[in-house]
1. Do we have Lys53 as without any contact (Cβ under 8 Å) to a residue 24 or more places away in the chain and out of contact with any His (no Cβ under 7 Å at 6 or more places or on another chain) here?
2. Select from the range 37-59 the residues that are more than 11 Å from the chain's Cα centre (by Cα) and open to solvent by 100 Å² or more (accessible area, probe 1.4 Å) and write down the one among them that is farthest from Phe69 (Cα to Cα).
3. Do we find that Lys18 is modelled with pLDDT of 95 or more and crowded, with 16+ Cβ neighbours inside 10 Å in this structure?
4. Residue by residue through the range 1-13, note down the ones that are closer than 19 Å to Ile71 by Cβ and surrounded by 14 or more Cβ atoms within 10 Å (Cβ to Cβ).
5. Please tell me if Val28 is out of contact with any Asp or Glu (no Cβ under 8 Å at 6 or more places or on another chain), hydrophobic (A, V, I, L, M, F, W, C) and either open to solvent by less than 30 Å² (accessible area, probe 1.4 Å) or on the phi > 0 side of the Ramachandran plot (or both).
6. Look through the range 16-36, keep the residues that are in a strand (DSSP E or B) and within 11 Å of the chain's Cα centre (by Cα), and return whichever of them is nearest to Leu4 (Cα to Cα).
7. List the pairs whose first member sits in the range 1-30 and is basic (Lys, Arg), whose second member is part of a loop (DSSP other than H, G, I, E, B) and open to solvent by less than 70 Å² (accessible area, probe 1.4 Å), and whose Cβ atoms are under 6 Å apart, counting only residues at least 6 apart or on separate chains?
Amino acid sequence: MKILVKVKAGARIKDVAKQADGSFVVFVKEPPREGKANEAARTTLAAFLDIPKTAVRLIRGAKSKNKTFEIDN
């Protein structure tokens, strides 16, 4: 399953908000440098969905705020 995610790096809190269109907004504290925000978003999303981190894979948008993650079922 693929999900669309907008990552807000440098936020004060870690949180996930599901949008009406089915996409997610993930707030992470880490800066958008050297993949730190991507890894934090992956970890935060996995915790929110209550699945292992290894089941969440970034497939598009490594250098963008808008990303596509693939969730293994």
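The values are calculated or read from the model by the stated rules, or taken from the named source; none is laboratory data. Note that the structure is a prediction, hence the values are computed from the model and not measured. When we count neighbours, we look across all protein chains shown, and the Cβ atoms used for this are built from the backbone with ideal geometry, even at glycine. Calculation scope for accessible area: heavy atoms of the full protein, side chains included, ligands and nucleic acids excluded. Shrake-Rupley method; radii C 1.70, N 1.55, O 1.52, S 1.80 Å.
1. Details: without any contact (Cβ under 8 Å) to a residue 24 or more places away in the chain: yes; out of contact with any His (no Cβ under 7 Å at 6 or more places or on another chain): yes.
It is true that Lys53 is without any contact (Cβ under 8 Å) to a residue 24 or more places away in the chain and out of contact with any His (no Cβ under 7 Å at 6 or more places or on another chain).
2. Asp50
3. Numbers: modelled with pLDDT of 95 or more: yes; crowded, with 16+ Cβ neighbours inside 10 Å: no.
Taking the combined requirement at face value, the residue does not satisfy it.
4. Start the filter on the range 1-13 by keeping residues that are closer than 19 Å to Ile71 by Cβ, which leaves 1-7.
Matches in the range 1-13: Ile3, Leu4, Val5, Lys6, Val7.
5. So Val28 fits the description; yes.
6. First, the residues of the range 16-36 that are in a strand (DSSP E or B): 16-18, 24-27.
Remaining after also requiring within 11 Å of the chain's Cα centre (by Cα): 16-17, 24-27.
On the way: Val16: 12, Ala17: 12, Phe24: 6, Val25: 9, Val26: 10, Phe27: 14 Å.
Here the answer is Phe24.
7. Partner pairs satisfying both residue conditions: Lys14/Val28.
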